[in-house]
Ligand code: MCN
C-alpha cells in the first residue's frame with residue numbers, strides 16, 4: 001500500500017471544494033435565457049378532475065407556457081414502464097400504471113402534479129399557478145397498507161379493485177410448513193416499518209435544454225445514474241436516438257437511493273424547453289420534496305419463528321405487505337419490496353423459510369429504494385423476532401443467537417432463501433461487538449439507571465446484506481501528453497467520497513499520486529457508459545473496473561518501456577509506478593512512459609500512439625457485507641425521551657479502501673437508521689389522506705445531540721469475488737441500525753412490561769406506551 005493507496009485513511013479530496021461553496025448543484029446552474037417552472041399539485045388524496053381553467057394563468061405576467069396532460073398526450077410524450085413479470089394470487093398478471101407525467105382524469109395522491117407553469121421568473125410562475133382553477137370532485141382515499149387490503153377499501157385504480165398489484169414469494173412453502181408442524185415452539189409477531197423520506201441536503205431539481213440547431217436534449221439533474229436516465233428519456237419518453245440526449249449531474253447533494261430515473265420533472269423540463277425554445281429550470285423546495293419525491297420503506301411484516309427443543313431455529317415464515325403508493329412507474333419502484341427478502345434469515349442457519357410479499361396501492365407517493373432498500377427491513381424482521389422469542393420462551397438472547405449463527409467453517413453457505421454467503425465470520429463479529437460494548441456489565445449499568453428512575457436497555461443486531469449485485473460497470477483512463485491521467489467513471493458520487501476512493505484505487509494500481517489523477521463522473525457525453533451508483537456497488541464494481549483498465553495500461557506501458565529500455569517485454573516488471581528491467585536498477589516512471597506514448601518515434605512498430613484504455617467489471621454474484629451492532633439507550637419514563645447512550649459496530653466490508661471514509665459511511669448509515677427509529681416519519685392523515693409532515697417543522701430529523709459517538713471497528717474478511725476483495729459499505733450502517741436500536745428500546749421498556757413498541761420512538765409515543773402500563777407497574 002503506497003502513501004495514497006488502498007487502506008490509507010485519507011481525508012476526502014473533494015471536501016475543501018465543497019465546504020468552501022465550490023460545489024455545482026442544479027440550483028447553482030443558470031443557463032442563458034432560462035425560464036422557471038413550477039407544478040400545480042393536487043391538494044386531494046384522491047379526486048376526479050372535472051375541469052381545468054387555464055386562461056387566467058396563461059395571460060398572467062411573465063408566463064411563457066402552461067401545460068396539462070392533454071398537451072403531453074397531443075405530442076405523444078411517452079412514459080416509463082415496468083418490465084418485471086409478476087402475478088397476482090389468482091395467477092392473473094400484475095397490475096401496474098406508470099405516472100403519465102401530469103395527472104389525466106384523476107389525482108391519486110396529495111402532490112400529484114396536475115399542471116406545469118413556465119415563466120420568466122419563479123415568482124411569476126408561482127403567481128400564475130395560483131390562477132389555475134381546477135374543479136376536483138374528491139373521492140374516498142386509502143393511505144395505509146393495512147387499510148388498503150380491507151374488503152371495503154376504496155380502489156386507487158378502478159381496474160384493480162382490491163388494491164393488490166401483485167404478490168411475490170421465495171422459499172419452500174411446503175417444507176417450511178412441515179418444519180412448523182414439527183416445531184416445539186412458534187413465536188408470532190407483527191412488525192411495522194414506517195414510511196420515511198430521504199431528506200437529502202439538496203432537494204431535487206432539473207434543467208431541461210433543447211437545442212434546435214443540433215436537435216439535442218440536455219438534462220442537468222441530480223440523479224444517481226445519468227446514463228440510465230438518458231436511456232429512459234431517449235427510449236421510452238421521447239422515442240429518439242440515445243445520442244440525441246445528454247445528462248449532466250454536477251455535484252449531487254445526497255440521494256440515498258431515491259433520486260431515480262423516472263421522475264416526471266426530468267422529461268417535462270426537457271419537453272417544455274422544446275415547446276418554448278428556452279432552457280427550463282425547476283428546483284423543488286423542502287415542502288415540495290415531500291410531495292414530489294418517492295418515499296422509502298413502509299412495510300408490515302407478520303413474522304413466525306419456529307424453534308426446536310433447545311432453541312434451535314427450524315423455520316421462518318413471513319408475510320409482508322409493501323406499500324407502493326399510487327403509481328408503479330418502473331421496476332425500481334419495486335426493488336425494495338423483493339430484492340432483499342432473501343436476507344430475512346439473516347446470519348442464521350434456518351433450514352427452512354418462506355417469505356410472501358403483497359404489493360399494495362394506496363393514495364400516497366410511490367415508494368422506491370431508500371438506503372438499504374429492503375435490507376434494514378429484512379434484518380429488522382429477523383433480529384426482532386429473535387429478541388421476542390428469547391423473551392417469550394425465556395432464552396438468553398445472546399445464547400440463542402450464538403447457537404444459531406452460521407459458522408465460518410460452513411462458508412460458502414447457501415441459505416434456505418437461496419443466498420450464497422461466500423465468506424465472513426458472524427460469530428467473531430458478535431463476540432467482538434459484545435466485548436467492545438461491555439455487554440457483560442450491562443446489568444450494573446441498568447441498576448445505576450434504575451437508581452435514577454430511568455429505564456435502560458441494550459439491543460443487538462447481527463446484520464448481513466446483498467451489496468454490489470451483478471451488473472456491469474465501466475472505467476476509462478486517458479493519459480495526456482504531460483503524463484497525468486483522467487479517470488472516467490460510470491458511477492456517480494452523491495457524497496460517498498468517490499473522488500478519494502477511486503484515486504486511491506488507481507494510485508494503488510498505477511503508483512500515480514492523487515494530484516496526477518482527475519476523476520470525472522456524471523456526464524453522459526464524456527463518460528462512455530455507466531450503470532451508476534446504488535446498492536453499494538461503486539467501490540466493488542466500479543473499483544474493479546479500475547483494476548481492469550489499470551492492467552491494460554500496464555500491459556501497453558510494458559511494451560513501450562521495454563522498447564525504451566531496450567529489453568524484452570517479459571523482462572519488464574511494474575512496481576509502484578515504475579517499469580523496471582528485472583534484475584537491474586534501470587527503470588522508467590509511468591509518467592515518462594505515458595509522455596513517450598505520444599511520440600511515435602519512441603514507440604515500437606506494433607504499438608499505437610497514445611495511452612488510453614477502457615475497462616469493465618461484472619461480478620458473478622453479490623457480496624455479503626455483514627456485521628454486528630449494539631445500541632444502548634436510556635429512557636426517562638416521565639418524559640418518554642430516549643437517549644442513545646452508546647452505539648458500537650463491528651463491520652466486515654472485506655478489504656477497506658479508506659478507513660476514514662468508510663467510518664463516515666457507517667456513521668451516516670447508522671444515524672439514518674436511528675433517525676427512523678427515534679423520530680422520522682412521513683405521516684398521512686388516515687381519513688383525509690393529507691400529508692401532515694411536509695416541512696422540517698413536522699418531519700423531525702436527527703441532530704448531533706440526538707445521537708452519540710458511534711464506534712466502528714472493522715473485521716475484514718476479503719472476498720474472492722472481485723480483485724479488490726472489497727464488499728459494499730454504503731448502506732451497511734443502516735442495515736443493522738433500526739433493529740439494534742428498536743431492540744434496545746424494547747429491552748428498556750420491557751422493564752415495565754412493554755415489549756411490542758413500534759417505531760418511531762418519539763417522546764410522546766414512548767410516554768404513551770409507558771403510561772398505558774403505569775398502573776400495573778406502580
Ligand atoms: N468503502 C471503503 N471500503 C469498502 C467499501 C466502501 O472504504 N470496502 C468506502 C469508500 O469511501 C466508498 C464508500 O465507502 O466511496 C461507499 O462505498 P460503496 O459501498 O461502494 O457505496 P457506493 O459508492 O456505491 O454508494 C452507494 C451507497 C448507497 S446505495 C446509498 S443509498 C447511500 C450511500 O452509499 N447514499 C448516500 N451512502 C451515501 N452517502 C452520502 N453522503 N450520500 C448518499 O446519498
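Please work out which one of (1) at pLDDT 95 or above; (2) more than 21 Å from residue 466 (Cα to Cα); (3) more than 21 Å from the chain's Cα centre (by Cα) is the condition residue 309 fails and give its number.
(1)
Do you know which residues across the range 591-630 are within 16 Å of the ligand (Cβ to nearest atom) and assigned to a helix (DSSP H, G or I)?
Result: no residue meets the conditions.
In the range 489-518, what residues are within 11 Å of the ligand (Cβ to nearest atom), over 21 Å from residue 217 (Cβ atoms) and not in a helix (DSSP H, G or I)?
The answer is 489, 491, 493, 494, 495, 496, 497.
So residue 632 ticks every box in (1) crowded, with 24+ Cβ neighbours inside 10 Å; (2) farther than 22 Å from residue 461 by Cα but one. Which box is left unticked?
Going through the list (1) crowded, with 24+ Cβ neighbours inside 10 Å; (2) farther than 22 Å from residue 461 by Cα, residue 632 breaks only (2).
Considering each of 182, 144 in turn, give the residue that is in contact with a strand residue (DSSP E or B) (Cβ under 9 Å, 6 or more places away or on another chain) and at pLDDT 95 or above.
Details: 144 fails: at pLDDT 95 or above.
Of 182, 144, the one residue that is in contact with a strand residue (DSSP E or B) (Cβ under 9 Å, 6 or more places away or on another chain) and at pLDDT 95 or above is 182.
If you check residue 51 against the conditions, is it modelled with pLDDT of 95 or more, assigned to a loop (DSSP other than H, G, I, E, B) and more than 31 Å from the chain's Cα centre (by Cα)?
no
Within the range 520-546, can you find the residues that are over 18 Å from residue 621 (Cβ atoms) and either away from the ligand (no atom under 11 Å from the Cβ) or surrounded by fewer than 18 Cβ atoms within 10 Å (Cβ to Cβ) (or both)? Please lay out each step first, then the result.
Step one: list which residues in the range 520-546 are over 18 Å from residue 621 (Cβ atoms), which gives 520-530, 532-533, 546.
Answer for the range 520-546, where residues must be over 18 Å from residue 621 (Cβ atoms) and either away from the ligand (no atom under 11 Å from the Cβ) or surrounded by fewer than 18 Cβ atoms within 10 Å (Cβ to Cβ) (or both): 520, 522, 523, 524, 525, 526, 527, 528, 529, 530, 546.
Do we find a residue being within 16 Å of the ligand (Cβ to nearest atom) and either in a loop (DSSP other than H, G, I, E, B) or under 30 Å from residue 687 (Cα atoms) (or both) anywhere in the range 384-402?
No; the residues of the range 384-402 include none that is within 16 Å of the ligand (Cβ to nearest atom) and either in a loop (DSSP other than H, G, I, E, B) or under 30 Å from residue 687 (Cα atoms) (or both).
Table: residues versus (1) in a loop (DSSP other than H, G, I, E, B); (2) away from the ligand (no atom under 16 Å from the Cβ); (3) at pLDDT 95 or above.
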| site | (1), (2), (3) |
| --- | --- |
| 672 | no, no, yes |
| 708 | yes, yes, yes |
| 721 | yes, no, yes |
| 730 | yes, no, yes |
| 737 | no, no, yes |
| 742 | no, yes, yes |
| 745 | no, yes, yes |
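Taking residue 243, is it within 16 Å of the ligand (Cβ to nearest atom), in a helix (DSSP H, G or I) and either modelled with pLDDT of 95 or more or in contact with a strand residue (DSSP E or B) (Cβ under 9 Å, 6 or more places away or on another chain) (or both)?
Values: within 16 Å of the ligand (Cβ to nearest atom): no; in a helix (DSSP H, G or I): yes; either modelled with pLDDT of 95 or more or in contact with a strand residue (DSSP E or B) (Cβ under 9 Å, 6 or more places away or on another chain) (or both): yes.
Answer is no for this residue.
Test of understanding: among 556, 552, which residue is in a helix (DSSP H, G or I), without any contact (Cβ under 8 Å) to a residue 60 or more places away in the chain, more than 15 Å from the ligand (Cβ to nearest atom) and touching a strand residue (DSSP E or B) at 6+ places or on another chain (Cβ under 8 Å)?
On the way: 552 fails: without any contact (Cβ under 8 Å) to a residue 60 or more places away in the chain.
After ruling out the rest, the residue left standing is 556.
Being closer than 14 Å to residue 340 by Cα and buried (at least 18 other Cβ atoms within 10 Å of the Cβ), is that true of even one residue in the range 387-407? Lay out the reasoning, then the answer.
From the range 387-407, those closer than 14 Å to residue 340 by Cα are none; that's our starting set.
For the range 387-407, residues closer than 14 Å to residue 340 by Cα and buried (at least 18 other Cβ atoms within 10 Å of the Cβ): absent.
Which is under 15 Å from residue 202 (Cβ atoms) and surrounded by fewer than 24 Cβ atoms within 10 Å (Cβ to Cβ), of 255, 292?
Working: 255 fails: surrounded by fewer than 24 Cβ atoms within 10 Å (Cβ to Cβ).
Answer to the selection: 292.
The values are calculated or read from the model by the stated rules, or taken from the named source; none is laboratory data. Please read these numbers as outputs of a predicted model, since none were measured by experiment. Note that each Cβ is placed from the backbone with ideal geometry, even for glycine, and that neighbours are counted across all protein chains shown.
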